[in-house]
1. Hey, can you tell me all the residues within the stretch A:341-366 that are out of contact with any Leu (no Cβ under 6 Å at 6 or more places or on another chain), in contact (Cβ under 8 Å) with a residue 60 or more places away in the chain and not acidic (Asp, Glu)?
2. Quick check on the stretch A:415-422. Is at least one of its residues open to solvent by 30 Å² or more (accessible area, probe 1.4 Å), part of a strand (DSSP E or B) and away from chain B (no Cβ under 14 Å)?
3. List the residue pairs whose Cβ atoms are under 6 Å apart, where the first residue sits in the stretch A:438-461 and is at positive phi, the second is open to solvent by 40 Å² or more (accessible area, probe 1.4 Å) and not in a helix (DSSP H, G or I), and the two are 6 or more positions apart or on different chains.
4. Considering only the stretch B:194-222, state which residues are closer than 19 Å to B:SER129 by Cβ, surrounded by fewer than 20 Cβ atoms within 10 Å (Cβ to Cβ) and touching a residue at least 24 places away in the same chain (Cβ under 8 Å).
5. Out of the helices (runs of 4 or more DSSP H) lying entirely within the stretch B:199-282, which hold 2 or more residues that are under 25 Å from the mean Cα position of the chain (by Cα) and more than 14 Å from chain A (Cβ to nearest Cβ)?
6. I need the full set of residues from the stretch A:387-406 which are more than 10 Å from every other protein chain (Cβ to nearest Cβ) and part of a loop (DSSP other than H, G, I, E, B), in order please.
7. Filter the stretch A:364-386 down to the residues that are open to solvent by less than 40 Å² (accessible area, probe 1.4 Å) and in a helix (DSSP H, G or I), then identify the one that is farthest from the other protein chains (Cβ to nearest Cβ).
8. Restricting the search to the stretch A:103-119, which residues are within 14 Å of another protein chain (Cβ to nearest Cβ) and touching a Phe, Trp or Tyr at 6+ places or on another chain (Cβ under 8 Å)?
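The values are calculated or read from the model by the stated rules, or taken from the named source; none is laboratory data. From a predicted model like this one, the values you see are computed outputs, not experimental measurements. Cβ placement follows ideal geometry from the backbone for every residue including glycine, while neighbour counts extend to all protein chains displayed. The protein model used for the area step is the full one, side chains on, heavy atoms only, and it has no ligands, DNA or RNA in it. Shrake-Rupley method; radii C 1.70, N 1.55, O 1.52, S 1.80 Å.
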Amino acid sequence: MLSYFVHFMRAFLPLALVAGMLLPALRRSRTGEAGRRLMGAPAAGLAAGVLTYLVALKLEALTASRATLFGLGLTVALAASAVFLARRRREPGSLACWTALCSQAALAAAAMFSFLAAAGEEALSATAVLNSELILNLGGILIGFLGCAILVPVCAELAERSPSRRLSLGLFLMGLLIAVPWGADLLLALMRLERIELTSLRLSVVAKVGKYAHLAPYGELAILAALAILIWKGRSLPEHAELAALEPAPRRKTKSLILRETRWLKSALYLCVAIAAVLGFYDLYASRPPRISTPVRLTPDAAGLIRIPMAQVADGKLHRFSHLTDDGHLVRFFLINTRSAGSPGQPRIGVVFDACMLCGDMGYLQNKNEIVCIACNVRIFVPSIGKEGGCNPIPLRHEVTGSEIVISARELDKGARYFSEVVSIKVKDPVSGKELINLKAPFREEFKGRIYFFENEKTLEQFRAAPERFAGADPARNFRVQGYRQA
Amino acid sequence: MFLLMLRQSFFRGRRRKLLATSTIILAASLITALMTISIDVGDKMSREMKSYGANLNLVPKSENLPLEIGGVDYNPLKGEVFLEEQDLGKMKEIFWHNNIAGYAPFLKVPAKLEGEGGAAVPLVGTYFSRLVKFAGNEEFRTGVREINPFWQVKGNWPDDGRTDQVLAGATLAHKLGLKAGDRLTVRYALAPTQPEAVTVTGILTTGGAEEAALVAPLALAQRISGHTGKVQSASVSALTVPEDRLSRKARRGADSLDSLEYDRWYCTAYVSSIAHQLEEAIPSAAARPIWQVAASEGTVVNKIQLLMVVVTIAAFIASGLGISSLMVTTIMERSREIGLMKALGAADWEVYLLFLSESALVGLIGGLIGCGAGALLAQLIGLSIFGSTVSFHPIVIPVNVVISILIALAGSLVPSRLITRLFPAEVLHGRK
């Protein structure tokens, strides 16, 4: 339910806000025409969006169509604005109207397309028979629709009461918030299709915009809230004495007008807060993947061994530990009793890395009695933990001596490449022996899967010339694809 | 001010409002009843599709031809083609072998009891809870006790290693008066073979067809029938991920996926991909996921769903028309009041708002009462179609209230246009 509401809001919020803010200007420029006609452009846009989506789905070219649509939208809006700016002195009225209608249609098409694409990623319902989930999801869409539908008149009222310069600024900012992600999307598509050259600057711009694109709705709501607050601050309410001096009828009229204005402003603010709160709840909490428990950091003894008493880990729970390698990699592993609680005999402890050969190092999670691979949501058959295959955690070689499980730091070090988390620690330049901070070292070199850090280029060159001399004879670290070969 | 007016106007014309409410109650209860039933089954189906475990049925390929007419199986090969028992071990060699939580083979043979009457009983051979050895996996305990934890035995489970112990299904035990500890002599019904003396160790309750049979260790069923090393089918319990878009697409056949999608599908533990891999591992077998709800109640509900839509639309239109005629009368009756409001400066939309909120309120009340009535009706329908009561889902309430309000609003929308045509001067003078 929530995700559908959020998808709807993300897609349609810009359309609702822009349409609402342009409404008074459109009404003014087309005096005499029914307001209903103004719905024509967005309606055409929505239809175009649906059509594009259906065609794109059929041709399996969603990404390309999205870029095309955004590109077209940008071009249309920019061209219309340019024409308007160039010729506004001569024939202001109708041109402004056309610009507004064009951008509305473009927005509507893009909104519809992005909503359908986002919703298409998830299933509205698991079966064709009516069920609660289907109703809830439809309810989410309906509430989103109602929210947008209320936003349009609210925006129109605010726009009516804002000075035109401020309104233009608001619209400009809104346009920027809409156009930048579109532009980034277009840029990415052009680079993919090799129409323009791929450079690291362009890619980093696209990546940055993509990373923060989900914040755009908050920005748009903030613009709306700012307009409302500025009107609130700027309005001059008549003093009590002034009101008292009026005739009863005009006094009541004035009071009623003020009351009505206050209600519009309040509803705008409440709506902004409510929508932002729901979006925030989704972004910060509901859409987050489940988190793993914090691992207990273990340090090996002088012989390079980690000893864990079996009794400590035999209770059927997942016990997560971590080990820090020389170059700052945090290696996670966990132990779990794979024999079910009631069964007779010695506990049989599965000792595994907290990473999957297929899915990477998202880790595993215990949910009641089930062990779940976070990345792919597969339930792991507990008796099989410690064995390779499927989505099982990568086995870790270990020994059982009496009542202890002994894991050598060397085995853990071999698995360091399965994990991406790196901690800032002190390391030594293997050539000069100078102490450095691993994340701040000026030069680094990978050899046999281990990272070595150097204070200057000279030591790096020396190392490159004869790495074996400095790196020692430890066997190479495993790649993730070699994971199951180890055990 | 508006709320005050609404309150005052709401309590006027009570008889008409009562009539309007009962129209809506009728429609809402009908819709609630059908919806409750549909949602109950729909929720069960979607839970089944989204569950993290599923059972697959492994049968010989030639038996996979559906030749069932009116519940009777006409497949001539039924029971005549077999899977090799040792082939079943191959299912622990597939990509998702760790996700196979257990399996149980079945061999059902017709048998006869020695002694007076010589009752014919089916004898089902299976694993109860048996350690099976695979390369690299020294202890894999599997059998019906592992994959069907809900099977219950009054008495003791037989030992898989022995061939003189059986369980009697509850229905069969009731019919023949068997109890734990009884001794029987069983003979193969189709060919003269050595009779076997067995002890009933317990009475089995499963809720399925096994209740009418003797359930024995597989070895006994094989020996008695002479089908050494053969099984007819196997039940496989697998840990899976919920169905989603990709797996639904794959259901149309693996050809509809492009290579990237195929890889993702193959390397995700969907029921369908595990079934596909089982078939790859055991070429003579066909694997079918068992969607229990979808196969039974789902088919019925799929058919009544269309009926539901039609009934809903009919109820919508009928009660909408009822409301509409009531509304016309109301507006006519209260035209002076409307005229007065307009004369005092009320805009058209404000008068609209008053009348529409009034009818929305009527819809709300009617919808709530209709929900209650419909829930009772649903129980009756449930008892007559499925023979069981239907649990009530709270989600029905908001949906019904929304539909009822929509009915009320839709009914009032057209007549309320009359409001615009009322001119204060005319109505206040009483000319119209």
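1. A:ALA355, A:MET357, A:GLY360, A:MET362, A:GLY363, A:TYR364, A:LEU365
2. Yes, some residue in the stretch A:415-422 is open to solvent by 30 Å² or more (accessible area, probe 1.4 Å), part of a strand (DSSP E or B) and away from chain B (no Cβ under 14 Å).
3. Hits for this filter: A:LYS448/A:ALA476; A:GLY449/A:ALA476.
4. Answer for the stretch B:194-222, where residues must be closer than 19 Å to B:SER129 by Cβ, surrounded by fewer than 20 Cβ atoms within 10 Å (Cβ to Cβ) and touching a residue at least 24 places away in the same chain (Cβ under 8 Å): B:THR199, B:THR205, B:THR206, B:ALA219.
5. In the stretch B:199-282, the matching helices (runs of 4 or more DSSP H) lie at B:271-281.
6. Across the stretch A:387-406, the qualifying residues are A:LEU396, A:ARG397, A:HIS398, A:GLY402, A:SER403.
7. Checking each candidate, the answer is A:VAL382.
8. Scanning the stretch A:103-119 gives A:LEU116, A:ALA117, A:ALA119.
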